[in-house]
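The next block holds one structure in the form of structure tokens; read it before the comments.
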Amino acid sequence: MKRHLWSAGEGASGLMSGRGAAGAPASTAGFSLIEILIVMAILGLVVAIVAPKIDITRFKLEADMQGVGMTLLAAERQAITQQHDVILTFNAPQGLIRIHDDKNNNGLVETGERVRGVALGEGVVFGRASAPARPMGPGPVTFTKMVNGLPAVVFHRDGSASEAGGFYLTSVRAATSGTHVEDTRAIELERATGRASWYRYGPPSWRRAF
């Protein structure tokens, strides 16, 4: 009797594991290899269509405009909070901004004063290519103050800048080919407030970037 009951239970569990409630084969989760290959082929086709339309250079320019703009803002805030001058010099040929914490406000780099550099991203340079100049001047860097032979601007402890001016950023392709003029960006400083304003060039005019 025990053997008969055990056999029946085993049969029932085997039936339930292999069949659904209506006796149909139970469904299994997942995708077949053919289905996965079809999805991968569709994704590859979509990437092939969309990728050429993505302008990586434009993304780099936007990132540099935002990054350099935030660098100026940070320098101004540092001058206010630490109550000393912060000097920024612009090496346009090398695509480099040098930031000097001038703790005693004498314009000289001395022991204990931090100096650091911020480099432009790959494919981005100082310049405006063939875009028209803004009122701040033709660039690529329009500050007239010179430090070690390089144009410079100083943020003072009240947040003001040593002068009004600014600089242009553009792509290597725009600077060398005369095309892609829409790559050009501009950052301008107000003297009294030290406030930075950002602009994009979209033919035929400059537009404020917020």
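Observations on the structure shown:
- A probe of 1.4 angstrom, applied to the heavy atoms of all protein chains, finds F167 with accessible area near 0 square angstrom.
- For T111, the solvent-accessible surface with a 1.4 Å probe is about 150 Å², rounded to the nearest 10.
- Across segment 70-82, coupling constants 3J(HN,Hα) worked out from phi with the 6.51/-1.76/1.60 Karplus curve, θ = phi - 60°, read 5, 5, 5, 4, 5, 5, 5, 5, 5, 4, 6, 6, 9 Hz, and Gly and Pro carry x.
- Residues whose amide H lies under 5 Å from that of T184, counting only those 5 or more places away or on a different chain, are Y201; hydrogens are built 1.01 Å from N in the peptide plane.
- Cα shape, segment 67-118, gyration tensor, a/c 1.5 rule: oblate
- Net +/- balance of residues flanking W206 in space, Cβ distance below 12 Å, scoring K and R +1, D and E -1: +4
- Solvent exposure ordering (accessible area, 1.4 Å, most first) of H84, H156: H156, H84
- Under the shape rule built on the C-alpha gyration tensor, where the axes satisfy a ≥ b ≥ c, segment 69-208 is prolate, since a/c reaches at least 1.5 and a/b is greater than b/c.
The values are calculated or read from the model by the stated rules, or taken from the named source; none is laboratory data. Because the structure is a prediction, the values reported are computed rather than measured. We place every Cβ from the backbone using ideal geometry, glycine too, and count neighbours over all the protein chains shown. The protein model used for the area step is the full one, side chains on, heavy atoms only, and it has no ligands, DNA or RNA in it. Shrake-Rupley method; radii C 1.70, N 1.55, O 1.52, S 1.80 Å.
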